[in-house]
Every structure is written in structure tokens, then in C-alpha cells.
Amino acid sequence: MPLSNAYVSRRFLVGALTLAVAAGHLVDGLTAAPPPADETAPQVSPTRPTHSTESAQSPPRLRQADAADRDFKLVKKEFLRKARSQRTKDRLTAITLLADFPTIEAAELMQQQLLGDSDTAVREAAIQWLATLRDDTDIADKLLQKLTLVTRKSGLGPRELALLRSLGGTEGPELQMRLVKFLNEFLGTARVDQHLLHDTLDDLADHHADAELLRLLLVFCRTEFFERHFGFRRCVVQALIAIPDPDAVTRLIHLLPHLDGQVQFDVVAHLMATTGQDFGSDAGKWLLWWNQNQTASRKADRNVSRVPGVSRYGQHADYHGIPMGAKRIVFVLDTSLSMQGGKIERAQTELLRAIDQLPPAVAFSIVFFDGTVRVWQRDLVPANEQMKRIAKLMVRDQSLGANTASYDALEAAFALDPEAIYFLSDGEPVGGQINNPAEIVATFAALNRVRRVSIHTIGVDTNLPGTEIFARFMKTLAQANWGIYQAVN
């Protein structure tokens, strides 16, 4: 925005923050207030000339600059005193002191002192204050330069992510381009903690789903890492889906042709939930309908991408009623002795049907398990007619064995680098490396934190008496891993 608009915005936010500090609490979205007036400026004698640098003969602009510099030095001292206080109220007040100093020096001071504050209210106020300066090219250049140097030296930590937020909400194409270049240097390297990055984006989606976040996420969408890393791509798109803004829907539609597999399905499911329409992955039809009807569309279900419902999925094939939208799929089938009789027959029939539905663009494999784990193909294979035929022969040819090594089977499935796992079982884990259900859930939730593979679970006979613990295990495993739980007989 123009500097004048940034100044107005800054003054408005500062005034609100000042009122909040006076009342002893923080109001969301506020930043800074005016500094105390300078009473120390020297007076020039009307009768005797002075030879100091503040001479009356100096140009007016130079005198103003000198006065502003003196003002800042005085305010800086008070700012540092309050910024180092143990009291949150004092640190919030410190932010208001820099209101009339939209300068590089003030920006660096804020970045160094309060951008990494342990208190969320102070940290958010500092982020917002710095955001009002980002359209000043000199300030943005200096901050991005500092961000780059620090990240090269010690990595992209919480303070650096906060600064990235301040800059990343820009509407300026040039700064956006430079941020993409910055991210291309570091994303996917040891300089970036992927767990911290995912946690930050998830938290922003939950608590700051606004236009600022939308613009930051669109910067991430332009990075090379977004193109090549499934887990990060899904994380960014899930955050976009969480933004309840018509412009976010428009952006997702434009993004649709550049996505595939599970992430594309996330977007399509969200569009269906938002509009009540079903145009599959046809971005042209979605855009045409959206431009004509967006004002009357329903509000999106913010959780659709994480745990979508099972009621309708349009053009997607399904397995036990769970959609198969991923392009890399692993089926995990329990072949323990407890599955004998009608249970294994029904499970085989449904799996054969699912294999028949797979489009050629999908790659898949199957893991069979009882006390041992048997992987059909250790590299996912294309779902062409030949591979489907071989896979179906393997499904029909399985014998049953003792025990239910659930953990081992899931571990083998993860090693195949899928986008989605379909895990069918009829009993609690036994005979594997880990048999405690809660420990299995915790282990895979941690392993899957940045991979974002959907683990869908199909619990056989989980509605029978005495199966409550097993049913809870299957349901929790799906909920912790962006999956759907389905009980079947």
C-alpha cells in the first residue's frame, strides 16, 4: 500500500493497542501508539548566532532529520527499557513507542527485541507492526537481507518465521518474487525444520485464516519445494482450504490444474462442500460456476480436507465407501486366522472391486499380514490391466496365519511412499514389534507429521460387543492421520 495508507493503518492499530494496554488486555489485530514529545531540543538564540550543526542557517529538511534522529534516540532508550520488562503490558506499550518511526532502525529494533517474544499477544502485535512497513522498499530489502543471513547461519527458527509472516502478506509482486527466491534457497534443506514449519502453518490456519495468510500461502505455492514435496504441498493447500474467504476459493480453483492425486482430491472435496456442486477436477467448469454463484454459495466445512465425510464423492472410485483420490495407494489386508470364513471372502471381494476401479494413472501395491508381513510389490506399480490381473490373483491366493502384526504391516506400507493407505483389520494388534494401540497411533502420527499420508481404516465387526478398544484404535489411527474410519460387517 502507499506510505500514506500504511501510516494511517499504523496509527489506527496503534491507537487501538494503546486503549487495550490501558485496559490491561490486548484486542486482536492491534499494533502501536505515539511516542512522547521531545522536550530536549536545543533552542537557538535570537540575538547571537550559533555555529553548531543545528544552526538556523541549516536547510529545513536537515534540521528536521536531526530532530527526528534525536527523537528516535530518546524513544529507543524507553523502548528498550519496556521491551525488556517482565510485564506483558510494558512490552505491548513498547510497540506503541515506535509508531511515528517507520524507519529501518525502528524495524530492526522491533525484529531484534519483540518478534521472538514468548507471549503470543506481544509477538502478534510486533508482526503486525512490521507488516505496516513492508511496502517501503528500503525497509523490506533490509529485513529480507537480514532474514537471509540469519537463516543461512542458524536456520529458519520461530523469530525468522514471524518475520517471514510480516513480509509474506505483501501485495507487491516484486517482494513476492524475492520471497519465493528466498524460500527456494532454504525449503527442503537442513536450514528449515519441517515440523516447525508445518506446525506454524497449521496454527495460522486455525487462528489467523485471513487475507494476510492467503497471500503468504500463495507465495509458498510458487516455490520449487511445493512442486516436489507431497507433504508440504498438502500442508499449504489444507491451510488455503481453511480460509473462509471467497478469494481463497477462487485461488484454489486456479490451482486445481496444477495439482494431482490426494491434494487435488482435497480441493475438489472442499469445492463440493462449499458449493454443493460436482465438477470433478474440471477447473474451467468450477470457475464458471463460481464466478456466477459465489455470493450464494454455502460456507465451507473447514475440516473437509482433514477428515472428509463419506456421503458423496462425485467422480471418485471408493473402497468400502472411502474415496480413492490419491495417485499412490497401498492396500493393507489382514489375513489372520480370525478373518476366516465370510470375513476374508467379503474383504477379498471388495478389494478386487477396488483394484478394478483404479485408473491407469494410479500406482499401487498390496501388503498382506498376519504374524508375518508380505509385500506384493516393493515399488508401486501402475494400475494397468496386466498389473491389476496379477494383483487380483495374489488377493485370491492368500492363506491365513496366526497373529495380527498391525504395526509391522503399516511400517511396510509407509516404506512404499504412498499418498494414502487403506488398512483393513478385524482385531487388536498382537505379535508385532509394537502391540499397544495407543503407542502405534502415537508412533505413526509422529512419523506422518510432515508426510501427511492419509491412513484410512476399515474395522471389521467393530460394532460387536467386546470390540470397543479395537474400534477406538482404528478410529483414532484414522483421525490422527488425515484419514476416514469405516466400520464394516
(request) Please list the non-local residues whose amide H lies under 5 Å from the amide H of residue 336, H modeled 1.01 Å from N, same-chain partners needing a gap of 5 or more. (result) 401
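Convert 10 °C to kelvin, take the viscosity as 1.306 mPa s, use the Kirkwood radius over C-alpha pairs of region 318-488 as Rh, and evaluate the Stokes-Einstein diffusion coefficient in µm²/s, rounded to a whole number.
On the way: Rh = 15.7 Å.
D = 101 µm²/s.
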(message) Below 23 Å, Cα to Cα, which lysines can residue 475 reach? Residues fewer than 8 away in the same chain don't count.
(response) 343
(request) Distance between Cα centroids, region 397-421 to region 223-299: provide it in whole Å. (result) 32
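Mean shadow of region 383-451, computed from the convex hull of its alpha carbons, in nm²? Intermediate values should be presented prior to the final figure.
Working: hull surface 22.8 nm².
Average of the hull's projected areas for region 383-451 equals 5.7 nm².
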(request) Taking a cut-off of 25 Å between Cα atoms, list the lysines near residue 181, but don't count ones fewer than 8 places away on the same chain. (result) 142, 146, 153
(request) Using the charge dipole of region 318-488 (Lys, Arg: +1 at Cβ; Asp, Glu: -1 at Cβ; taken about the Cα centre), state which of 430, 336, 447 has its Cα farthest towards the positive end. (result) 447
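If neighbour count is taken as other Cβ atoms inside 10 Å, put 424, 240 in order from fewest to most. Mind showing how you got there, number by number?
On the way: 424 23, 240 27.
So the ranking, lowest neighbour count to highest, is 424, 240.
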(message) At 0.36 nm per residue, and after removing the present C-alpha to C-alpha distance, how many nm does the segment from residue 346 to residue 141 gain when stretched out fully?
(response) 67.5 nm
(request) Hey, can you grab everything whose amide H is under 5 Å from the amide H of residue 328? Only 5+ residues off in sequence or another chain; H modelled, so Pro and N-termini drop out. (result) 262, 363, 419, 420
(message) Just to verify a number: FRET efficiency for residue 108 and residue 228, C-beta to C-beta distance, R0 = 30 Å, to 0.05?
(response) 0.30
(message) Residue by residue through region 348-353, what is 3J(HN,Hα) from phi via Karplus (6.51 cos²θ - 1.76 cosθ + 1.60, θ = phi - 60°)? Round to whole Hz and write x for glycine and proline.
(response) 5, 4, 5, 5, 4, 5
(message) With θ taken as phi - 60° and the coefficients 6.51, -1.76 and 1.60, list the Karplus ³J(HN,Hα) couplings across region 442-456 in order, rounded to whole Hz; mark glycine and proline as x.
(response) 4, 5, 6, 5, 6, 4, 9, 4, 9, 8, 6, 6, 7, 9, 8
(request) Determine ³J(HN,Hα), in whole Hz, for all residues of region 321-337 in sequence, where each value follows from phi through the Karplus function 6.51 cos²θ - 1.76 cosθ + 1.60 and θ = phi - 60°; x replaces Gly and Pro. (result) x, 9, x, 10, x, 7, 9, 10, 10, 10, 8, 10, 10, 6, 10, 6, 4
(request) Along Cα→Cβ, 7 Å out, is where each label goes; now give me the distance between the ones at residue 148 and residue 400 in nm to one decimal. (result) 6.5
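Among DSSP bridges having both ends in region 318-488, what percentage is antiparallel? Round to the nearest 5.
Details: 8 of 31 bridges.
Taking every DSSP beta bridge within region 318-488, about 25 percent pair in antiparallel fashion.
Take 84, 191 and order them by how many other Cβ atoms sit within 10 Å, fewest up front. Before the final figure, lay out each step's value.
Working: 84 12, 191 16.
Lowest to highest Cβ neighbour count: 84, 191.
So for each of 223-235, 326-338, 433-445 I average, over its residues, the number of other beta carbons within 10 Å; can you give me the resulting order with the highest mean first? Before the final figure, lay out the partial values.
On the way: 223-235: 19.3, 326-338: 23.5, 433-445: 16.1.
The most tightly packed comes first, giving 326-338, 223-235, 433-445.
FYI, it's all coordinate maths here, none of it is from the lab. Owing to the predicted nature of the structure, the values given are computational and were not obtained by experimental measurement. Virtual Cβ from ideal backbone geometry, glycine too; neighbours counted across all protein chains shown.
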